[in-house]
Every structure is written in C-alpha cells, then in structure tokens.
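Novice: Here it is, the structure in full.
Please treat every number below as a calculation from the coordinates, not as lab data. Owing to the predicted nature of the structure, the values given are computational and were not obtained by experimental measurement. Cβ atoms come from the backbone with ideal geometry, glycine included; neighbour counts cover every protein chain shown.
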Amino acid sequence: MRERLEQLRAEGLEALSRADSEDELREIEVRFLGRNGALTHLLKDLGGLSPEERPEMGKLANEVKAEIAASLESLRLNLKEQAYSLEISGSGFDGSLPGPSGPRGGVHPLTQVLWDLEDLASRMGFAVVDGPEVETEENNFDALNISVDHPARESHDTIWVKGDSQSGGGLCLRTHTSCVQVRALKEHGAPLRVVAPGRVFRQETQDATHDHTFHQMEGLVVDRGVGVPHMLHAMEALLAGLFGRPLETRLRPGYFPFVEPGFELDARCPFCDEGCRICSRTGWIELMPGGLVHPKVLDACGVDSNVFSGYAFGLGLSRVAMLRYGIDDIRWMFSGDLRFLEQFRL
Ligand code: PHE
C-alpha cells in the first residue's frame, strides 16, 4: 500500500510538472483526485488493511492528496497570473477603456429638492440649521402661540410621545419645522436669517396629497424693519430658483397662530387646467404658507418685539417634488417602489 501511495504521489507531481494549461490541470485533478480517480480507488482498499496498518496508511493517503491538491492550486494561480500579464502586455489592449459598469443609482426626488433648496437658500444668505424630530410641547406649540385648545394639538393631528395636549409638558413628534424657529431664536437671538429643513409627522389618514411623515423647510428672517415685501420677494426668489423660472402664484390670507398677518402662497396646478384631485379642483396648489412673525413668538424667544420684526415661511418638500417632477401621488415618495425610483437614476 505504501509503495502504491508513494508511486501515486510521484506520478501526480510529475504529471503536474509537465502541465501548462488549465485543461491539463483539470484532467490531472480528475485522474488523481476525482470520484473515480486513482487515489479514491486506493482509499477504498484501506478497509482491507489490518487495524495496525490502517491509521498510518490513512494518514499517508491524506498527505498525498493534500500535496497534489496544493500543487494544483498554486499552478492554477500561476496560470491565471501569466494569462493576465499576457493580456495587459499584449497588443490591442487599451488600458484607458472604461471597465464594465454596474447599475447606476440615483438621488431620491426629495433629496434632490432638499439639496437644491439648501444651495439656493445659502446663496441668498440663509444659514442652514436643524432641530430634533422629537420636540417639546413648548417648542412645537406654546412658544409658537398655539393655544392649548387649538385643534392641531389634538391626538388626531399630533403623534404624542409623552403626555398629550391636556397634560402640558409633553413630548411629540414635531408636527412642523416651525419649532426650529423657536430653537434658533433662543439660541442665536436677532438678527437672524435661517432655513431649517427636516422631517415632520402628523396623525393622518393618507390620501394622494397627505402622508404621516413628510418634509418641510422653514425659513425665518428676524431683523429691524422686516416686512411683507421682504417675505414675498424671498419666497418668489426661492421658488423661481427651484423651478428655473418665475412661477405663476397667488397670495391669499391664511391663519397660523405664530404669524400676523398670515398668508398662503399658491402655485398654479401643473396637472390640470381647471381642477383635479391633486389641487382639490381649484386649479391652485398650496405651496408656501408664511407671514410676519407674531410679536408673542419673538417675546417668548427672548427677542424684543419693539425693536425687531421678522417673517417666516414653510415649504412642503414633497409638494415641490410633485410639481417639479409631475408626480401625481405623494405616496410614491416612500413607497420604495423601484418603478418609481428608477426614473430618478443619474
Ligand atoms: N408650520 C406651518 C405648517 O406646517 C407652516 C408655516 C410656517 C406657516 C411658517 C407660517 C409660517 O402648516
């Protein structure tokens, strides 16, 4: 047995030393190590050996097998390396050609809108700030002059994390980015010029234009002598920058407890001529609420409302994305549906 094994080892290594192609290596592998190979056949005879001989021969057989296998592996590697150096040195090889490319990703429409807004606002002199998504009742409501009995505080509108509108001192998922007005004013005082983009949450029954989670960008300017014309100009400049042209807009009165006077800036609905489900059959889409910061808000944030005034506006990022890309249902945004996402490949 020992002799036959040693002979196999010698034969195997000798065959390998002469092999110079992958095909030959495969042939040797099958011949010696394969299921019908010489070594496998020999191993079957192990059973016939005496109990004293068996372990020793088993060990030797394994050694021979491992040695042939290792030699095979290293020869394979050598062959691959040779082929590769041949390829890169041979004629007709152009190292400057691009390699095969993988599938390309894209930027989610909301992210694109967010990046563009941050870019535009920075160029208009706004600093970009943010705040936490879990917010105190004080910052989300009280400091913004939203009274305890205001329906927006009810649990059918607000997702409470701790307490509720009746208990006071609670925590909620912020329902808007307006609470960052409070944070920024308390932290930096006036004069101030910031935008605050971020994720906000409402208790919603979802439909084509509402989601429980969405994104807003707050704008806030507080300085001496700030008025409605400043606000309008900033709003229109932002929108024109976002859409690459001035939008057809209209300004109407709107009520928000933290601004006085308050407005709604609407944009002409791009989906229809005279009314569809996206614009609630009005032909206009509410795009940017805003107004002059209520003196009570300034005072609550430690800014003297006799000296300073300001404007604030909000902008719904998904609304902007819908208008910009012609998306007709807000629920596509977080659907994770590749048919939607692939349309935004770079
Ligand atoms: N926070 C308001 C909302 O979410 C929008 C708003 C922002 C209104 C700033 C006025 C000024 O509906």
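Novice: Compute a Gaussian network model of the chain, connecting alpha carbons closer than 10 Å, and tell me which residue from PHE93, PHE256, PHE243 fluctuates the most.
Specialist: Maximum among the listed residues: PHE93.
Novice: Which lysines does LYS80 reach when only Cα atoms under 24 Å apart count, and residues fewer than 8 places away in its own chain are ignored?
Specialist: LYS65
Novice: Please flag any cysteine in the chain that has no other cysteine's Cβ under 4.7 angstrom from its own Cβ.
Specialist: CYS172, CYS179, CYS301
Novice: Ok, one more. Between the helical axis of 2-18 and the dominant principal axis of the chain, each derived from Cα atoms, what acute angle in degrees is found, rounded to the nearest 10?
Specialist: Between helix and principal axis, roughly 60 degrees.
Novice: Using a Gaussian network model of the chain whose springs link C-alpha atoms within less than 10 Å, name the residue from GLY131, GLY283, GLY90 with the highest mean-square fluctuation.
Specialist: GLY90
Novice: Would you list, by chain and number, the aspartates and glutamates whose Cα falls below 13 Å from the Cα of LYS186, excluding same-chain residues fewer than 8 positions away?
Specialist: GLU138, ASP299, ASP304
Novice: Mind checking the angle between helix 109-123 and the chain's longest principal axis? C-alpha axes, 0 to 90 degrees, to the nearest 10.
Specialist: Its long axis makes an angle of about 60 degrees.
Novice: Continuing with the same structure: Cut-off under 23 Å on the C-alpha distance; same-chain residues fewer than 8 positions from LYS59 excluded. Which lysines are left, in chain and number order?
Specialist: LYS44
Novice: Report, by chain and number, residues whose modeled amide H sits under 5 Å from the one on VAL200, excluding near sequence neighbours (fewer than 5 apart, same chain).
Specialist: Under 5 Å from the amide H of VAL200 lie the amide H atoms of PHE214, HIS215, GLN216, each far enough along the sequence or on another chain.
Novice: Further question on the same structure: For a quick check: with amide H placed at 1.01 Å from N, whose amide H comes under 5 Å from VAL128's, ignoring anything fewer than 5 positions away on the same chain?
Specialist: Answer set, sorted by chain and number: VAL195.
Novice: Helix 22-33 versus the longest principal axis of the chain: what is the Cα-based angle in degrees, 0 to 90, to the nearest 10?
Specialist: Helix 22-33 sits at roughly 60 degrees to that axis.
Novice: In percent, what relative contact order does the stretch 109-344 have, based on Cα pairs under 8 Å that are 6 or more apart in sequence?
Specialist: That works out to 21 percent.
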